[in-house]
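Derivation of every value follows stated rules applied to the coordinates shown; laboratory data play no part. For clarity, every value in this text was computed on a predicted model and none was experimentally measured. Every residue, glycine among them, receives a Cβ derived from its backbone with ideal geometry; neighbour counts consider all protein chains shown.
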Amino acid sequence: MTIHYDTLKNWPFEPLEHTYTARDAMLYSLGLGYGVDPLDEGDLPFVYEKVLRVSPTFANVLGYPGFWAKHPGTGIDWVKLLHGEQMLRIHRPLPREATVIGQSRVAKIVDKGPGKGALVLIERTITDKPSGELLATVSQLNFCRGDGGYSTQGPQHENGERTQPSDEPVAAPPPLPDRTPDAICDLVTRPESALIYRLSGDDNPLHVDPAAARAAGFDRPILHGLATYGVAGHAVLKTACDSRPERLAMLYARFTAPVYPGETIRTELWIDGQTVGFRSRVLERDVLVLNNGRAELR
């Protein structure tokens, strides 16, 4: 089975209602490592209800449709699917508690060619249910390693050719500046980070079960990619936004390697006015885990 463009482009995502509380927002922040130093006055508002600030990257777990690509009707070889890139655009700061609607759609499908995989871009809007106000837009780019060449394997046309559409290529992210970073932010992850983060909605056993991790080729459970992304967002907030969520308008990053819970993530930042370029690496193994990062500030 392979990707059928029209079926996938019109995948019937249902609108998902998601109610969260201040407690949920604090639990999410704890999963990212906020509060490791309980005396850090910049981090405390993200884990203390009296002065609560909601992390902008919390939007990534709201109205999430789950691992829908595993459904046989998608045609995706889900075993070979990788989460390649993530972008979050914040239209207004997330309330401390709310009922929201998540509406997903397949925005783009790109065939890179036989043996080269395909790209599937998913977009999800997060809207406040009572007012209908748009809070955030989440974009996730999946690299489907086993589905390259799908555009030549579709229904046969009258002229005998077997072709399906392939959308315009996804634009490459701009390169990072060729100079020493303007700032560096080191943030530790707890050994139990993945156990906490999974309580925010991603219960993939890869992040908790040693046997599942070994079966996937890792010597122990790895941290969720979106948790690594959230730690980078934490670094941007702390370093370039004075820990004020309302100042972050957009956050983008490309995933390059996994993190093991307990490791230290160093984020290097290049700050140019309202634009921040960044990349993150694990200090203990000197491995780049996020690259080509970009944030837009208000």
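The figures follow:
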item	result
Expected-Rg normalisation [2.2 N^0.38 Å, Cα atoms] applied to the stretch 5-152	1.21
Per-residue Cβ neighbour rank within 10 angstrom, fewest leading, Phe143, Phe218	Phe218, Phe143
In the stretch 5-152, lysine pairs with alpha-carbon atoms under 23 angstrom apart (chain gap of 8 or more, or interchain)	13
Relative contact order computed over the chain (Cα-Cα under 8 Å; 6+ residues apart), in percent	19
Histogram of C-alpha separations across the stretch 89-233, 10 Å bin width, %	9, 22, 30, 28, 9, 2
Base-10 log of normalised Debye intensity for the chain (one unit scatterer per alpha-carbon) at q = 0.14, 0.15 Å⁻¹	-1.09, -1.23
Within the stretch 43-150, trypsin sites (Lys or Arg not before Pro) in DSSP loop having at most 10 other beta-carbon neighbours inside 10 Å	none
Translational diffusion of the stretch 183-297, µm² s⁻¹ [Kirkwood Rh, Cα pairs; Stokes-Einstein; 20 °C; 1.002 mPa s]	148
Pairwise centroid distance, computed over Cα atoms, of the stretch 62-80 with the stretch 258-298, Å	28
In range of the label at Leu288: residues from the stretch 250-275 whose backbone nitrogen is under 16 Å from the point 7 Å along Cα→Cβ	253-259, 266-270
Neighbour-count order for Ser243, Ser151, fewest beta carbons within 10 angstrom listed first	Ser243, Ser151
FRET efficiency estimate (nearest 0.05) - Cβ-Cβ, Thr152 to Leu39, R0 51 angstrom	0.25
Potential lengthening between Phe218 and Arg96 on full extension [0.36 nm per residue; Cα-Cα distance subtracted]	40.3 nm
